[in-house]
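Below is one structure, written out as structure tokens; comments come after it.
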Amino acid sequence: MAPFSGFWKSFDGTDLHYRYWPIKRPKAAIYLIHGMGEHSGRYEHVASFFNEKGFSCISFDLRGHGKSAGKRGHASSYNAVMNDVEVFCREAKRLELATPAFLYGHSLGGNIVLNYILRRDTDFLGVVSTSPWLMLTTPPPKIQKIGAKFLAMLMPNLIIKTGLDVTGLSRNKAVATEYMNDELVHGYISVRFLNEVMKAAKFAIERAGSFPLPLLIVHGTDDPITSHDASNNFVNHCPNASFASWQSLFHETHNEDCWKDVLQYNTDWMDSHLTQKTK
């Protein structure tokens, strides 16, 4: 079956661009949410891998990202993003019908999937969160945090640069080059959305012990962008969680030279929970 893409209207009329990689008779579906500044098209190889393992895959560009509408790097609130994900899940279900599904997110998407499960009622079999944005590896100085909160009150829609060092995405230097040459990638975030994401990270950390679904968190030990230690601590406080710590890998474990090994591990984890469901 050929992949295809299109647009959905979100709850407030915002056009959200989606990509769908279907297969015949999938054993399960993966609903995938990308990271800050990127877009769903960067997961073509990830979706193809999961297709070969018997999973259909569907993703969408967050508002303000990729081909979706909205000011680049901005959302009016974190709840607006939660509502977008709810629309995504509803529309994906229409495509997948009764197929059981896993929610899968990377970086900002990893933050989003954790929060979505904690805040909304769902029927996912489990969650995979890779390199989640719970804390940054190098947290900003306290004065910058105070300044960001002040700006969020005075000029909430102000767009600032994320300051992402693309060399931290992967040890494979070609990944950074491709990222910089990708016209759909951007390096911006609004001060309001930055504060919303940081508050959401704190919300998730404080409620790790009540996470209701099986969870796999995946993180490279040498990630210079989001904190490996924060992921480990989250898992230590979550009764249903497993931690896949990948030695020496950077932020995008799915774009390292050993990416197939990483995705196979994630596949095996999902398969194990599919098996448990059928027993």
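The values are calculated or read from the model by the stated rules, or taken from the named source; none is laboratory data. Keep in mind the model is a prediction, meaning the values are calculated, not measured. Cβ: placed from backbone, ideal geometry, glycine included. Neighbour counts: every protein chain shown.
Determine, yes or no, whether Leu62 is assigned to a loop (DSSP other than H, G, I, E, B) and closer than 23 Å to Leu216 by Cα. Answer is yes for this residue.
Of the residues examined, Met82 is one that is closer than 24 Å to Glu252 by Cα, within 15 Å of the chain's Cα centre (by Cα) and free of Cβ contacts under 8 Å to residues at least 40 places away in the same chain. Among the candidates Lys173, Lys161, Lys199, the residue that is of a type in the set (Lys, Arg), touching a strand residue (DSSP E or B) at 6+ places or on another chain (Cβ under 8 Å) and either touching a residue at least 60 places away in the same chain (Cβ under 8 Å) or closer than 25 Å to Asp61 by Cα (or both) is uniquely Lys161. The strands (runs of 3 or more DSSP E) falling completely within region 173-279 that include 1 or more residues that are closer than 21 Å to Asn51 by Cβ map to 215-220.
Considering region 13-50 alone, what residues qualify as being of a type in the set (S, T, N, Q) and more than 19 Å from the chain's Cα centre (by Cα)? Answer for region 13-50, where residues must be of a type in the set (S, T, N, Q) and more than 19 Å from the chain's Cα centre (by Cα): just Thr14. Count of region 20-54 residues, restricted to those that are part of a loop (DSSP other than H, G, I, E, B) and in contact (Cβ under 8 Å) with a residue 24 or more places away in the chain, is 12. None of Pro212, Pro239 is at pLDDT below 95 and surrounded by fewer than 16 Cβ atoms within 10 Å (Cβ to Cβ) except Pro239.
Return the only residue of Ile160, Ile189 being among the aliphatic types (A, V, I, L, M), more than 24 Å from Asp257 (Cβ to Cβ) and surrounded by fewer than 21 Cβ atoms within 10 Å (Cβ to Cβ).
Details: Ile189 fails: surrounded by fewer than 21 Cβ atoms within 10 Å (Cβ to Cβ).
The match here is Ile160.
Residue by residue, here is whether (1) within 21 Å of Val46 (Cβ to Cβ); (2) out of contact with any Phe, Trp or Tyr (no Cβ under 7 Å at 6 or more places or on another chain) holds:
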{"position": "Gly220", "(1), (2)": "yes, no"}
{"position": "Ser227", "(1), (2)": "no, yes"}
{"position": "Asn232", "(1), (2)": "no, no"}
{"position": "Pro239", "(1), (2)": "no, yes"}
{"position": "Ala244", "(1), (2)": "yes, no"}
{"position": "Ser248", "(1), (2)": "yes, yes"}
{"position": "Glu252", "(1), (2)": "yes, yes"}
{"position": "Asn255", "(1), (2)": "yes, yes"}
{"position": "Met270", "(1), (2)": "yes, no"}
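Taken together, the residues in region 69-91 that are out of contact with any helix residue (DSSP H, G or I) (no Cβ under 7 Å at 6 or more places or on another chain), at pLDDT 95 or above and either among the small types (Gly, Ala, Ser) or part of a loop (DSSP other than H, G, I, E, B) (or both) amount to 5.
Restricting attention to region 247-262 and to residues that are surrounded by fewer than 21 Cβ atoms within 10 Å (Cβ to Cβ) and among the hydrophobic types (A, V, I, L, M, F, W, C), the residue that is nearest to the chain's Cα centre (by Cα) turns out to be Trp259. Tallying residues that are without any contact (Cβ under 8 Å) to a residue 60 or more places away in the chain and either among the aliphatic types (A, V, I, L, M) or surrounded by 12 or more Cβ atoms within 10 Å (Cβ to Cβ) (or both) within region 10-19 yields 3.
Tell me which residues, restricted to region 92-113, are part of a helix (DSSP H, G or I) and not aliphatic (A, V, I, L, M). Selection gives Lys93, Arg94, Glu96, Gly109, Gly110, Asn111. Considering only residues in region 161-178 that are of a type in the set (S, T, N, Q) and over 19 Å from the mean Cα position of the chain (by Cα), the one that is nearest to Ile189 (Cα to Cα) turns out to be Thr167.
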